[in-house]
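What follows is a single structure, written as C-alpha cells, with notes after it.
The values are calculated or read from the model by the stated rules, or taken from the named source; none is laboratory data. Since the model is a prediction, treat every value here as computed from it, not as a measurement. Cβ coordinates were reconstructed from backbone atoms using ideal geometry, including for glycine residues, and neighbour counts include every protein chain displayed. Quick note on the areas: whole protein, heavy atoms, side chains included, nothing else; ligands and nucleic acids left out. Shrake-Rupley method; radii C 1.70, N 1.55, O 1.52, S 1.80 Å.
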Amino acid sequence: MEITTKEMFETEVLKSEKPAIVDFWAPWCGPCRMLGPILEEIAAERADLKVCKVNVDELGELAAQYGVTSIPCVICIRNGKVAAQSVGYVGKDELLKTLGF
C-alpha cells in the first residue's frame, strides 16, 4: 500500500492493529527497486502484517520524523512505535529476522 499523506500514515500504520512494515524509498533508488518485489512477496504471504511504502521525495517530512537518512529504510512499527529498522538492501530472510519476524 502506497502511503500518500501524513494522515493516511497515521490511520494505516500508527493505528493499525497489525504490525506495519514501512518501506521508505524513492523511485530513483536502485536498491529500493530491488527491495520492492521482496516486500510485495512478504505482503502476499503474511496476512498478519501490513506492508506500506512511503516515497521520501513526496513525504520528506515524514521520513525526517522517523530519522530516515539513507534509503531503502524499512521500519517495523508495532502499536504506534518503532520496534525495529533495517537500512539498505537485504534479502527476505534477513529482513524478516532484523524486523523481528
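Does region 65-76 contain any residue that is open to solvent by 20 Å² or more (accessible area, probe 1.4 Å), within 17 Å of I3 (Cα to Cα), of a type outside the set (K, R) and without any contact (Cβ under 8 Å) to a residue 24 or more places away in the chain? Walk me through it before giving the result.
Going residue by residue through region 65-76, those that are open to solvent by 20 Å² or more (accessible area, probe 1.4 Å) are 65-71.
Remaining after also requiring within 17 Å of I3 (Cα to Cα): 65-66, 68, 71.
Pick out the ones that are also of a type outside the set (K, R) and you get 65-66, 68, 71.
If we keep only those that are without any contact (Cβ under 8 Å) to a residue 24 or more places away in the chain too, we end up with 65.
The answer is yes; a qualifying residue exists.
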* To do: Would you check which residues across region 68-98 are within 23 Å of P27 (Cβ to Cβ), among the hydrophobic types (A, V, I, L, M, F, W, C) and assigned to a helix (DSSP H, G or I) and list them?
  => L95
* To do: For region 48-59, name all the residues that are surrounded by 11 or more Cβ atoms within 10 Å (Cβ to Cβ) and more than 14 Å from the chain's Cα centre (by Cα).
  => D57, E58
* Here is a list of conditions, (1) open to solvent by 50 Å² or more (accessible area, probe 1.4 Å); (2) within 21 Å of K92 (Cα to Cα), and E17 meets all of them except one; can you say which number that is? -> (2)
* Mind listing just one residue for me: the one in region 33-42 that is hydrophobic (A, V, I, L, M, F, W, C) and open to solvent by less than 50 Å² (accessible area, probe 1.4 Å) and, of those, nearest to Y89 (Cα to Cα)? => L35
* What pairs come up if the first residue lies in region 1-14 and is surrounded by 16 or more Cβ atoms within 10 Å (Cβ to Cβ), the second is acidic (D, E) and assigned to a helix (DSSP H, G or I), and their beta carbons are under 9 Å apart, counting only those six or more places apart or on different chains? -> I3/E12
